[in-house]
Amino acid sequence: QVQLVESGGGLVQPGGSLTLSCAASTNIVSIYVMGWYRQAPGKQREVVASITNGDSTTYADSSKGRFTISRDNAKNTVYLRMDSLKPEDTAVYYCHALKSWTMYWGQGTQVTVSS
């Protein structure tokens with residue numbers, strides 16, 4: 001079992017920045033891939049970014065150039081730095097982890113981009 005706890009969401013103005021954190025209950029070196037999805041009201045959950053335990057990263061087209069995913073193995077934490085935020089980035093952001101062919105999810109953290 002892997003428990004994931006997200007933090008760092010909130011209200012930010014367009015053009016602003018936020019950093020989300022996802023703390024895992026286990027050593028993340030053993031987790032093949034971790035990352036972030038998001039779900040806006042009335043829309044399907046979509047991938048935002050992911051990072052493997054080999055530090056290979058993948059970004060959705062909507063995230064490229066604005067978001068940066070990283071991991072701190074010593075803290076068992078994955079981060080999502082979000083810059084140049086837009087109103088369309090408003091969503092609940094979910095951390096995920098793939099370990100031993102099982103996908104684990106956090107509870108989500110709300111990000112609202114509004115003036």
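The values are calculated or read from the model by the stated rules, or taken from the named source; none is laboratory data. What you are looking at is a predicted structure, and each value in this text was computed from that prediction instead of being measured. Positions of Cβ are generated from backbone atoms using ideal geometry, with glycine treated the same way; all protein chains shown enter the neighbour counts. When the accessible area is computed, the model is the full protein with side chains, heavy atoms only, and any ligands, DNA or RNA have been set aside. Shrake-Rupley method; radii C 1.70, N 1.55, O 1.52, S 1.80 Å.
Brief remarks on what is shown
- DSSP beta bridges in segment 41-83 [antiparallel fraction, %, rounded to 5]: 100 percent
- Fraction in percent of alpha-carbon pairs per bin - 10 Å, the chain: 15, 51, 29, 5, 0
- Note on segment 19-77: the alpha carbon radius of gyration divided by the globular reference 2.2 N^0.38 Å gives 1.17.
- Full extension of the segment from W105 to Q39, taken as 0.36 nm per residue of separation minus the current Cα-Cα distance, would add 22.5 nm.
- For the chain, the fraction of 1.4 Å probe accessible surface lying on carbon and sulfur atoms is 47 percent.
- What the chain shows is 53 Å² of accessible area per residue, with the surface traced by a 1.4 Å probe over protein heavy atoms.
- Potential lengthening of the chain between T52 and D83 amounts to 9.0 nm, from the contour at 0.36 nm per residue minus the alpha-carbon distance.
- Distance between the pseudo-spin-label points of S30 and L11 (7 Å out from Cα toward the beta carbon): 4.2 nm.
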